[in-house]
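Working notes for the structure below.
None of the figures in this text is laboratory data; all of them are computed from the coordinates on show. It should be emphasised that the depicted structure is a prediction, and the values quoted were computed from it without experimental measurement. Note that each Cβ is placed from the backbone with ideal geometry, even for glycine, and that neighbours are counted across all protein chains shown.
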Amino acid sequence: MTVAAISWSAANARRMERQFLLNPAKPGQAGPGEVVDAMLAAHAQVMSAAELSVGLRMDGATRLDVRDALWGEEPSLVKTYGPRGTIHFLPVSELPMWTGALSAVPGGPSPFKAGDRLTPSQTDEIVGAIGEALDGACLTIDELSDEVVARTGPWAGDLVLPAFQGMWPRWRSVMHVAGHRGVLCFAPNRGRKVTYTRPSAAGSEEPPLSAEVAAGRLVRRFLYAYGPATSPEFAKWAAAPARWAGEVFASLASAGEIEAVEMEGVPSSWVVAGDTEFPAEPVRGVRLLPYFDAYVIASHPRERLFPGRAYERALAGGQAGNFPVLLVDGIVAGVWHQRRSGRRITVTVEPLGSLNAGQERELEGQAERVGEVLEGWAELVVGPVAVGAHA
């Protein structure tokens with residue numbers, strides 16, 4: 001039986017509150033690990049954007065705090081392959097869930113030619129070789145390639161994968177699988193070269209949770225952070241087959257771990273069982289969010305988060321995250337771009353509507369905060385953003 005209808009504005013306010021977007025975490029309240037845990041994961045394809053995503057959610061934090069959480073003596077974050085096979089920050093404390101759940105998500109059809117694909121046994125062999133090579137080591141991609149080929153055979157090094165300006169060896173097609181199985185993560189750069197290590201060397205030695213337990217926990221965590229949500233919305237976020245996601249939701253519903261609610265006339269939305277309290281007041285205020293911020297990627301329905309002109313201006317073919325966005329009262333109301341020259345950071349913001357005096361002052365404060373997180377001096381420019389979507 002569904003509970004009373006929940007408005008989108010109430011759901012949106014709860015999402016922002018739980019993600020430290022209404023009130024950034026105070027010192028001692030939550031560190032980078034806890035903040036990323038609240039986000040569920042932080043997209044890190046663009047390092048500066050990931051540092052902003054986390055830093056803007058913490059009062060007074062800078063990118064150095066985020067880097068210390070990644071590479072310091074007691075790391076609380078790991079940079080590895082996360083949902084959708086893309087690079088994310090994940091909290092060390094939840095790696096057993098992530099490795100168990102990501103390994104449980106069924107893969108889609110291979111994009112590679114039949115003769116270039118790896119068999120399941122070859123995939124296992126390569127993942128095992130990666131884990132052995134990275135045990136207690138930090139290796140560049142070339143060093144790791146030599147180790148993998150030496151442990152498997154020349155077939156793993158065949159240059160068959162189309163890359164940016166050439167061809168990559170066959171084994172690299174399953175690097176994300178190694179990340180999902182918990183045997184590979186990023187280590188500090190060696191000069192300009194990216195290096196890799198095992199997550200155990202980054203601070204986590206707990207084994208993965210079982211697939212069933214981990215998948216159920218990930219769904220409950222998703223619903224806590226972004227609910228009410230449907231199983232297709234979760235499937236889209238996780239790049240998982242819709243049927244598999246539906247089966248996980250059905251199992252959790254049967255066990256009484258999640259419950260159905262009605263949001264904006266959609267009765268097939270779900271929340272964690274008993275988690276039905278929502279803020280009475282709508283969101284107020286101005287926020288700047290960077291490329292690929294978790295909030296805009298995971299929040300649905302898109303039509304409510306990106307209303308009117310925002311749906312055309314701030315989405316790339318319906319895909320969220322490709323533009324840094326301006327939020328006004330909890331919805332996307334513009335786009336922005338930053339350009340750095342030394343310590344000066346020019347923040348150009350293109351509102352899609354007029355801002356009142358109070359919102360203009362908040363925008364100035366947000367631009368200043370962007371500069372602080374990135375350890376620079378922000379200069380705010382209000383005007384058209386000429387830069388297109390992130391490729």
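Results, tabulated for the structure shown:
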| read-out | value |
| --- | --- |
| Per-residue [θ]222 nm for the chain (sum of -39500 (n - 2.57) over DSSP H runs n ≥ 4, rounded to 500) | -11000 deg cm²/dmol |
| Partners for residue 79 among lysines (Cα-Cα distance below 22 Å; same-chain residues under 8 apart left out) | 193, 236 |
| Net charge of neighbours whose Cβ lies under 12 Å from the Cβ of residue 83, counting Lys and Arg as +1 and Asp and Glu as -1 | +3 |
| Distance between the range 199-256 and the range 29-60 - C-alpha centres, whole angstrom | 21 |
| Amide H contacts under 5 Å for residue 380, placed H, 5+ residues apart | 347 |
| Rounded Å value of the spacing that divides the Cα centres of the range 130-185 and the range 318-334 | 36 |
